[in-house]
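Contents: one structure, followed by commentary.
The values are calculated or read from the model by the stated rules, or taken from the named source; none is laboratory data. Everything quoted here is computed from the prediction, not taken from an experiment. In this analysis, Cβ positions are derived from the backbone assuming ideal geometry, glycine residues included, and neighbour counts consider all displayed protein chains.
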């Protein structure tokens, strides 16, 4: 695993939480019963949090209340970087809130390239392709809760489209995605097709630069 050691300290793991559950407005986040993020709203992510030990308890509460939505014990290895996506939804007939564990920045990277992956967290869209505007497919047939492998791309500005798999039907335009060299990124598809919150993408840098 390639991690830029100048920004990562020995014997630490790192995680962040990304709020992608369309049924929940805001959440308070506790790690081992200590508040680490308050009123994290849909579509936002925390900064990466360092952890010294392998196992920790993550609890999610409805913001400003004692209403607990989710508690999970999660293991993070030394030098591992992960995103915990809050990705349950009544729309997808899941039993309340849940986490999807996503490994971040875990491949060797050519310093002259950018690395991009795509995660579909929209519970009511069909499988989708991620394409350039000319129809060139970058990621194909990505279903709900699927995490693609990282794709190596030239640095630059990209205009992307989210299309129903195998068709030219564009569900969402994703303009002006800036990819820098020697950097990992993820694009998350979240929200609801034809509902609230609306279908949208969130573009995050993964790991440390």
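Residue-by-condition table, conditions (1) surrounded by 14 or more Cβ atoms within 10 Å (Cβ to Cβ); (2) over 26 Å from residue 118 (Cβ atoms):
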{"position": "34", "(1), (2)": "no, yes"}
{"position": "44", "(1), (2)": "yes, no"}
{"position": "59", "(1), (2)": "yes, yes"}
{"position": "105", "(1), (2)": "yes, no"}
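Based on what the data block shows, is residue 54 more than 20 Å from the chain's Cα centre (by Cα), surrounded by fewer than 16 Cβ atoms within 10 Å (Cβ to Cβ) and within 18 Å of residue 98 (Cα to Cα)? No, not satisfied. Annotation note: of 154, 129, the sole residue that is surrounded by fewer than 19 Cβ atoms within 10 Å (Cβ to Cβ), closer than 25 Å to residue 173 by Cα and out of contact with any helix residue (DSSP H, G or I) (no Cβ under 8 Å at 6 or more places or on another chain) is 154.
Of the strands (runs of 3 or more DSSP E) lying entirely inside the range 83-190, those carrying at least 1 residues that are under 15 Å from the mean Cα position of the chain (by Cα) and farther than 19 Å from residue 19 by Cα are 114-120, 137-142, 183-190.
Within the option set 10, 18, 73, being within 23 Å of residue 187 (Cα to Cα) and either surrounded by fewer than 17 Cβ atoms within 10 Å (Cβ to Cβ) or modelled with pLDDT of 95 or more (or both) holds for one residue only, 18. The single condition among (1) at pLDDT 95 or above; (2) over 24 Å from residue 203 (Cβ atoms); (3) outside any strand (DSSP E or B) that residue 47 does not meet is (2).
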